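The values are calculated or read from the model by the stated rules, or taken from the named source; none is laboratory data. Because the structure is predicted, anything quoted here is derived from the model rather than measured. Please note: Cβ atoms are built from the backbone with ideal geometry, for glycine as well, and neighbour counts cover all protein chains shown. When the accessible area is computed, the model is the full protein with side chains, heavy atoms only, and any ligands, DNA or RNA have been set aside. Shrake-Rupley method; radii C 1.70, N 1.55, O 1.52, S 1.80 Å.
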Amino acid sequence: MVTMKKLSNPKCGLKGEIQVPGDKSISHRSIMFGSVAEGKTVIHNFLMGEDCLSTISCFRKLGVEIEIMEEAVIVHGKGWDHLEEPLEILDAGNSGTTTRLIMGILAGRPFHSVLIGDSSIAKRPMKRVTEPLKLFGTQIDGRSEANFTPLSIRGGNLKGIHYALPVASAQVKSALILAGLQAEGVTEIVEPEQTRNHTEKMIIEFGGKIEKHGDTIKVEGGQILKGTKISVPGDISSAAFFMVAAAIVPDSSVRLKNVGLNETRIGIVEVMKKMGASIEIEEHSKEGEPVGDILVQYSDLSGIEIGGDLIPSLIDEIPIIALLATQAKGKTVIKDAEELKVKETNRIDAVVKELGKLGASIQGTDDGMIIEGKTSLHGGEVHSWGDHRIGMTLAVASLLTDSDVLLEDAEAVKISYPNFFEHINQLLRK
Ligand code: S3P
């Protein structure tokens, strides 16, 4: 059911501390690696968002026993060879990560499977994964020459490949690494730009081997992985909504606890610092996936230019960075971000249209957007477009508007942040 949520300006700052939910990318991967590893994997702070629950449901259909307990999620992996041909269609829901990464696993399995998702997934390009997977020797078909779901896969007998990725995408890279782990010989993947490296880090956690030389990743096939213990850090992409909220709502001071600070994900910290935000990092641990607290206070901000190889490190944060830019003095230019057009929605169109309705001075370009600040925002009726990050961006915007914001399909936030509205209320009560 599509709901309309009324959001009123609280006319006070955000104060206090919260622990944002577990990282979405790492949660997906922990289920996937746990499923193909041998032995038990215990996952703490797993993200119970709808996307990650879709991953659990797919792996259960592949015969993997996965227990959801109060304190942890437990995956009873039995190794690659024990994944079973599914009796039902695998449904990835709204999740691009599930759809793309699971293909890398299924590509190496000697059975048939069919993969679908929701109406958003049905529009997202899959050829970027299916084409290189075919080079490994797997059979994949789907609409528009295997570019769109439903996709059907008959895997097995893979041979390692050397492949230069045409787009900077961690999802594509990860799918190819997962296929490479099952292929005969060595697989080499060249990245045009560094993207998030959670897959590479997790292979090491599961006792596997992977090398990186310059922009080339090298993985040997036939690796047996061993179950392990994973503690998922807080998701910086979720923390981003409160980092920005604290920076733009007067009289705010917020501490975000135990957030993942992986070097390939912290572009937003760099951007906020450049814009003049008062932001401090207290790092607790550097090993594996680094973790720490992020402290942000209300600040005077100035517009900047954001582009180049910084983009992959903040690609999911661009909607909320656009809102940040509406409150910064001068012009902010976001460029080299054409990938935004093929996310859960066309996020250039969605951000420009919906923030525009609230009075932002924002213009879409071919590869990003141009925002003029500082503007006062007004109330209005807006839509999440069924996209969690658009919904949360608009909810944060409502903390500044002169009258109420009516947000249609606010439910979308449950994809990655089920307790998002509780956390807003918690920080407003302090
Ligand atoms: C993700 C990678 C990114 C990101 C997505 C999650 C991942 O997508 O936008 O939300 O978990 O690997 P691309 O790799 O397609 O850019």
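Couple of notes before you dig in:
The rows are residues; the columns are (1) over 18 Å from P21 (Cα atoms); (2) open to solvent by 30 Å² or more (accessible area, probe 1.4 Å); (3) part of a helix (DSSP H, G or I).
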{"site": "L178", "(1), (2), (3)": "yes, no, yes"}
{"site": "I217", "(1), (2), (3)": "yes, no, no"}
{"site": "I224", "(1), (2), (3)": "yes, yes, no"}
{"site": "F242", "(1), (2), (3)": "no, no, yes"}
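- Residue within segment 189-207 that is under 30 Å from P21 (Cβ atoms), assigned to a strand (DSSP E or B) and open to solvent by 10 Å² or more (accessible area, probe 1.4 Å) present: no
- Within segment 40-53, not a single residue is within 22 Å of G155 (Cβ to Cβ) and open to solvent by 10 Å² or more (accessible area, probe 1.4 Å).
- Contact map, segment 344-367: residues that are modelled with pLDDT of 95 or more paired with residues that are among the acidic types (D, E) and surrounded by 20 or more Cβ atoms within 10 Å (Cβ to Cβ), Cβ distance under 6 Å, separation 6+ or inter-chain. Pairs shown: E344/D387; T345/D387.
- Test for S238: is it touching a residue at least 24 places away in the same chain (Cβ under 8 Å), within 16 Å of the ligand (Cβ to nearest atom), touching a strand residue (DSSP E or B) at 6+ places or on another chain (Cβ under 9 Å) and among the hydroxyl-bearing types (S, T, Y): yes
- Scope segment 400-430; condition among the aromatic types (F, W, Y) and either surrounded by fewer than 21 Cβ atoms within 10 Å (Cβ to Cβ) or within 11 Å of S384 (Cβ to Cβ) (or both); matching residues: F421
- A277 meets all of the listed conditions (1) open to solvent by less than 20 Å² (accessible area, probe 1.4 Å); (2) more than 19 Å from the chain's Cα centre (by Cα); (3) under 17 Å from S238 (Cβ atoms) but one, namely (3).
- Scanning segment 96-116 for residues that are under 18 Å from the mean Cα position of the chain (by Cα), away from the ligand (no atom under 12 Å from the Cβ) and free of Cβ contacts under 8 Å to residues at least 60 places away in the same chain yields a count of 0.
- Scanning segment 154-176 for residues that are surrounded by fewer than 24 Cβ atoms within 10 Å (Cβ to Cβ) and of a type in the set (K, R) yields R154, K159.
- Residue among E88, E84, E17, E65 that alone is of a type in the set (D, E, K, R), farther than 30 Å from A410 by Cα and in contact with a strand residue (DSSP E or B) (Cβ under 6 Å, 6 or more places away or on another chain): E65
- Contact annotation: residue pairs with Cβ atoms under 7 Å, 6 or more positions apart or on different chains, pairing a residue in segment 174-201 that is closer than 18 Å to G108 by Cβ and assigned by TED's automatic domain parsing to the domain that holds M103 with a partner that is assigned to a helix (DSSP H, G or I) and open to solvent by 10 Å² or more (accessible area, probe 1.4 Å), are Q182/W80.
- Number of the exception - I204 against (1) under 24 Å from the mean Cα position of the chain (by Cα); (2) away from the ligand (no atom under 16 Å from the Cβ); (3) aliphatic (A, V, I, L, M); (4) more than 23 Å from I31 (Cα to Cα): (4)
- Subset tally (residues that are surrounded by fewer than 22 Cβ atoms within 10 Å (Cβ to Cβ) and either charged (D, E, K, R) or within 16 Å of the ligand (Cβ to nearest atom) (or both)) for segment 78-95: 7
- Single residue of segment 283-312 satisfying the filter (open to solvent by 70 Å² or more (accessible area, probe 1.4 Å) and touching a Lys or Arg at 6+ places or on another chain (Cβ under 9 Å)) that is nearest to A247 (Cα to Cα): D300
- E381 meets the conditions (1) open to solvent by 40 Å² or more (accessible area, probe 1.4 Å); (2) under 21 Å from the mean Cα position of the chain (by Cα) in every case but one. The failed one is (2).
- Taking the criterion of being open to solvent by 40 Å² or more (accessible area, probe 1.4 Å) and closer than 15 Å to A328 by Cα, the residues of segment 357-374 that qualify are S361, I370, E372, K374.
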